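Every read-out reported here was derived from the displayed coordinates using simple, explicitly stated rules and does not represent laboratory data. Given the structure is predicted, the values throughout are model-derived calculations rather than measurements. FYI the Cβ positions are ideal-geometry reconstructions off the backbone, even for glycines, and counts take in every protein chain you see.
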Amino acid sequence: MKTGERPDSLLAGLNAAQRQAVTTTEGPLLVLAGAGTGKTRVITHRVAYLLRMGVPTEAIAAVTFTNKAAREMRERVVALAGRGSKGITLSTFHSLGVRLLRAEAAAIGYRPGFNIYDTADQLSLIKTILLDIRGATTSLDPKAVLASISRAKNRFQLPEDLIEEASDDWEHVVARCYDRYQSDLRNMNCVDFDDLLLLPVLCLEKHAEIGAKYRRRFRYLLVDEYQDTNGVQYRFLRLLVGPERNLCVVGDDDQSIYGFRGAEVDKILRFERDFPGTTVVKLEDNYRSTASILNLANSVIESNVTRHKKRLRSTQGQGEVVLWITTPDGAAEVDHVIRQVLNLIERERVPSNSIAILIRAAAQARPFEEKLRLRRIPYTLIGGQSYFDRKEIRDVLAYWMAAANPRDDVSLLRILNVPRRGIGTATARKLDELARESRISLLEAVSLAAGASGGFSPALRTALSHVSDLFGRAQQLLEARQFSRAARQLLEEAHYREAVDELYQEPTARQARWNAVEDLLRAVTEWERENPGAEFADFLEALALTKGETADDTRNEKKHHGLTILTLHSAKGLEFPHVFLVGVEEDTLPHRKSVEEGDAAVEEERRLLYVGVTRARETLTLTQAETRTLYGQPRARLPSRFLLEVEQSGHLRRAAYDPGEEATENDVQEFLELYRRMREP
DNA sequence: CAAAACTGCCTTTTT
DNA sequence: GGCAGTTTTG
């Protein structure tokens, strides 16, 4: 903490509402922070303010949803309050959950070294279970079963609750799967992402003294993006709130766009009822966008019924009117947008990374990418395949997880025959049976089968003992805390490179894949050096919790190359001077599935449009095509109902698509020259 | 056990 | 139209 400075000095430059949000430190506080109203500023200043008022660092916990938000917040708090503020708890819901779980695992029958499963691991386990209880002929969709289980977990329903409630065949199957799934996870000492919240809640509820311990510690709680809180997170929070009820939540119900992941908008809508005596502060002064853009945003969101009433006010000028462009087809839409982009860059001298193309679904990016590549215009696509979705990375992690936790059957099963060792599905099933009968882990079954001749051929037994020895040696090294050595040696002895070579015949692809593996190996070495005393499980945890992030932390705008293409979901929290929101059509925005789901889902789609509109600082163009080739078929398309809703508001100007001329080769050259100069200051 | 042929889908995705 | 996941075939 910077000493000798009065708390008041922190308030300079804040508006009245922001000040109130910062200085109302005691009791429940709801900050409704519209888009672009300085939300992050309020949170960071509030933390700094608490510290200056003498609140000890360890009493403060600020919770966010993303690692990136947590990182950013930490940086800004440190910048404001000095290095002494590093000790505050500033993490995501999930990492707070893991921390609690590692500390208190024993209280609920887990051991601290548990592995964390991602969706692919979960799915693999579900498939095994389905096979087991319904046989090979089942037509049940494992993904649907998993989705049901996850939904139940996010609503804080336990297997026994589902078993009790089940009324039809499907519900019975789901309930049985859930029950098996959860007990398998526990036997394997593994948890899934939902467990990172669910298990801490169970732990705190079951053990009053543990709950009391954390409540005594965290006297000031702060939650960012509260509108995205799901049922379990809410319960977690309630358990952490102490008698002083110093809970401050910041959010915007109009930006709740993760309902499909279990976020419940009503949590922010009924906060005042949950915490009587709540102070409500509305931040409505928007420092980001022009009045034209905000007028449209306000008109769009007014059609939603379930929301806190508020209106964004612009602190900027009127700005240019928002355009609504109708094009005859998808190709013309692409052409129009690209031409406007070139216009901005060449005539207006706008840096290309201040332009964004917003899409509803990832698949919409393709035609834009193709054209941009053709014209050699640099761009960055945000989202897309995560580094950790790549097969080779998943394989390597499976090796390490299986070594770190010998009971992790799912991970072992994944790499049992990678590279090919002649241990096929039939053998795997036999091993699984053996493990189940003898109540041992899959790895133990492997070494058992390698020894005794229980129906396994000599060749197979050689392969099995190879696998068994491999992990035996790796475990010894891990126990000796030789983490990076264990990690490397395991892959070498497993001849994992052969698997990569076999899978990728093409030399460049092969090299790229192997480089990714080496990156990961380097990451272990580096991590080991930087975190002396930490466990290997901590390294795996760090990877598991940051899996969503793409290789080159793409959300960092400053690093961006050229213009940005991104989905509306990944655009939340970002801003761009110039925005093109494309495909504003029925069946796309709102998406057909949402329309089928009903009004609540359509309201979420409307919020999605609202989020998109409020990303723009200076200019905004909405485009929509009359026909479009979808799934190989040309189809007629209608403008989005959301456009029709605001058509009469006067905040949109319909402009015709002007076919004009394609940009000439000359234009392209000119652009490239310009771009090169801008990148070399 | 692995390659070839075939089917069915086709939203978003912070951890 | 394209991909991933599955079934069929050698």
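Which residue, A:Ile423, A:His561, A:Leu643, has the largest displacement toward the positive end of the dipole of chain A when charges sit on each Cβ (Lys, Arg +1; Asp, Glu -1)?
A:His561
Say a paramagnetic label sat at a point 7 Å from the Cα of A:Thr40, along Cα to Cβ; which residues of region A:587-631 have their backbone N under 19 Å from it?
Inside the label zone: A:611-618.
Within region A:1-79, report the GluC sites (Glu not before Pro) that DSSP leaves as loop and that have at most 14 other Cβ atoms within 10 Å.
A:Glu5, A:Glu26
Please give the length that would be gained between A:Glu171 and A:Ala480 if that part of the chain were fully extended, namely 0.36 nm times their separation in residues minus their C-alpha to C-alpha distance (nm, one decimal). Don't skip to the answer; put the middle values down first.
Numbers: separation 309, 0.36 × 309 = 111.24 nm, distance 4.72 nm.
The span from A:Glu171 to A:Ala480 would gain 106.5 nm if fully extended.
When the dipole is taken about the Cα centre of chain A, and only Lys, Arg (+1) and Asp, Glu (-1) are charged at their Cβ, what size is it in debye, to the nearest 20?
1760
Report, in debye and to the nearest 20, how large the dipole of region A:454-602 comes out about its Cα centre when Lys and Arg carry +1 and Asp and Glu carry -1 on their Cβ.
Using Cβ point charges on Lys, Arg, Asp and Glu, region A:454-602 gives about 480 debye.
How much of the DSSP beta bridge set in chain A is antiparallel, as a percent to the nearest 5?
Looking only at bridges with both residues in chain A, the antiparallel portion is about 10 percent.
Rounding to the nearest 10 and keeping the result within 0 to 90°, find how far the Cα-based axis of helix A:169-187 lies from the longest principal axis of chain A.
Taking Cα atoms only, the helix is inclined about 70 degrees.
Considering only A:Trp527, A:Ala571, A:Ala463, whose Cα is most displaced toward the positive end of the charge dipole of chain A, charges sitting on Cβ of Lys, Arg (+1) and Asp, Glu (-1)?
It is A:Trp527, whose Cα lies furthest towards the positive end.
Please work out how much length the chain gains when fully extended from A:Thr24 to A:Glu272, using 0.36 nm per residue of separation minus the C-alpha to C-alpha distance, in nm with one decimal.
Gain on stretching A:Thr24 to A:Glu272: 87.7 nm.
Could you work out how far apart the two model spin labels at A:Lys213 and A:Thr306 are, taking each label as a point 7 Å from the Cα in the direction of the beta carbon, and quote it in nm?
3.8
Residue separation times 0.36 nm, minus the C-alpha to C-alpha distance between A:Arg420 and A:Leu140: what's the value?
Extending this stretch completely gives an extra 97.9 nm.
Take the cross-link list A:Lys547/A:Lys572; A:Lys213/A:Lys267; A:Lys267/A:Lys391; A:Lys206/A:Lys391 and give me the ones stretching past 28 Å between alpha-carbons.
A:Lys267/A:Lys391; A:Lys206/A:Lys391
On a 0 to 90 degree scale, rounded to 10, what angle separates helix A:142-154 from the longest Cα axis of chain A?
70
Along the three principal axes, how long is chain A when you take its alpha carbons, biggest first, rounded to the nearest angstrom?
81, 64, 58
With each pseudo-label sitting 7 Å past Cα toward Cβ, what's the A:Glu320-A:Glu597 distance in nm, one decimal?
Spacing of the two 7 Å Cα→Cβ label points: 3.5 nm.
Enter the angle in degrees (range 0 to 90, nearest 10) between the Cα long axis of helix A:536-545 and the first principal axis of the Cα atoms of chain A, meaning the one along which they spread out most.
That works out to roughly 40 degrees.
With the dipole of chain A worked out from charges on the C-beta (+1 for Lys and Arg, -1 for Asp and Glu) around the Cα centre, which of A:Gln624, A:Asn353, A:Leu237 lies farthest toward the positive end?
Going by the Cα projections, it comes out as A:Leu237.
May I ask you to derive the relative contact order of chain A, considering only C-alpha pairs under 8 Å and at least 6 residues apart, and to give it as an integer percent?
So the answer I get is 18 percent.
Size of the dipole of region A:270-330 about the Cα centre, Lys and Arg at +1 and Asp and Glu at -1 on the beta carbon, nothing else charged, in debye to 20?
It works out to roughly 320 debye.
At A:Leu503 and A:Arg473, where each label point lies 7 Å from the Cα along Cα→Cβ, what is the point-to-point distance in nanometres?
Distance between label points: 2.3 nm.
How far is the Cα center of region A:179-231 from the Cα center of region A:233-251, in Å?
13
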